[in-house]
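Report on the structure given below.
The values are calculated or read from the model by the stated rules, or taken from the named source; none is laboratory data. For clarity, every value in this text was computed on a predicted model and none was experimentally measured. All Cβ positions, even for glycine, are placed from backbone atoms using ideal geometry, and neighbour counts span all protein chains on display. Surface areas here come from the heavy atoms of the whole protein model, side chains and all, with no ligands, DNA or RNA. Shrake-Rupley method; radii C 1.70, N 1.55, O 1.52, S 1.80 Å.
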Amino acid sequence: MSRTGTTDDGDELLTRLGALTAQARAQAEMQRSRVELAIALQRGMLPRDLPAARRLHLAVRYTPACQGLNVGGDWYDAFTLGDGRIGLAIGDVQGHNIEAAAFMGQVRAGLRALASVTSEPGEVLARTNELLLSLGSDLFATCTFMRLDPCAGVLESARAGHLPCVWATADGKSGITDDEGGPPLGVQPGTPYPVTRYELTTGGVFVLLTDGVVEGPSMRLEEGLDQVTRLAGIAAVAGMDVDALAAAVIKGAERVGHDDDAAVLVVGLDGPDAQP
């Protein structure tokens, strides 16, 4: 009996398998390149340096999503405003792809530019919202923007669909901010964003974060926020450095089992007699 037909069939099958393998490799390489590009975009758009001011201490931590095909659009920012006060922002763009990372850059750049025109937090978010709507994108972003006067210890805050902040004082008090806030940026035109005023006392801290830090398959949002509140309370009472607190918060994010970005921005204040 001839075996030629069987051999030819086997060769054809191997050829097809080889072609499919090569195609799969090419697609995997393309996706890997897209992920690497998105991560490079994220890191390139985050601030390289944090502003310096008397009494003020800032610390940040950022871990990009890089599990599977996910690439998120979380960001943080801190910069000096025209009047010497400090602008603080943290946010999260909807989606987990290169488009989300690019949109994050647009949001951050737009917010910075508008804050140079008016630094009032509610107005900054309202104008950023209108700017994003004018771009015609299907994406939206959550964001918290704060204006800090380090000399007076006054924080003015506005939220656009973002998580509340965590605070703690040196005398052992701690909690989660309970301001009104407004909807995410890029969703609804003509939206007002209420401003809430806080006092950042000597030795106290404020922790701004994204949901990848406190919410995931292994932890509910309430549990995650409680975890950060406990850490902030311990840090404030113990006089822990803000950098150590930021590191502890981002380390705790490993417990949520997330595949999302995780960003943390910690703000601390020395006493009025502290040396620059």
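A compact table of results
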quantity: Which of E180, E215 is most accessible, then next, and so on - probe 1.4 Å; calculated: E180, E215
quantity: Shape of the range 50-269, Cα gyration tensor, a/c cut at 1.5; calculated: oblate
quantity: Long-range HN-HN contacts of S119 with modeled amide H, under 5 Å; calculated: none
quantity: Formal net charge of residues neighbouring L58 (Cβ-Cβ distance under 15 Å; K, R +1; D, E -1); calculated: 0
quantity: Simple label model, 7 Å out from Cα along Cβ direction - R48 to S218, nm; calculated: 3.6 nm
quantity: Neighbourhood net charge (14 Å Cβ-Cβ; Lys/Arg +1, Asp/Glu -1) for D241; calculated: -1
quantity: Tensor-based shape of the range 154-251 (alpha-carbon gyration tensor, a/c under 1.5 rounded, otherwise prolate or oblate); calculated: oblate
quantity: Amide H contacts of F140 (H built 1.01 Å from N, under 5 Å, at least 5 apart or other chain); calculated: Q94
quantity: Neighbourhood net charge (11 Å Cβ-Cβ; Lys/Arg +1, Asp/Glu -1) for G73; calculated: -4
quantity: Per-pair calculated FRET efficiency, R0 = 51 Å: S116 and R255 via Cβ, rounded to 0.05; calculated: 0.85
quantity: Whole-Hz ³J(HN,Hα) from phi, Karplus 6.51 cos²θ - 1.76 cosθ + 1.60, for the range 180-192, glycine and proline x; calculated: 6, x, x, x, x, 6, x, 10, 10, x, x, 8, x
quantity: C-alpha center-to-center spacing [the range 115-160, the range 185-222] in angstrom; calculated: 13 Å
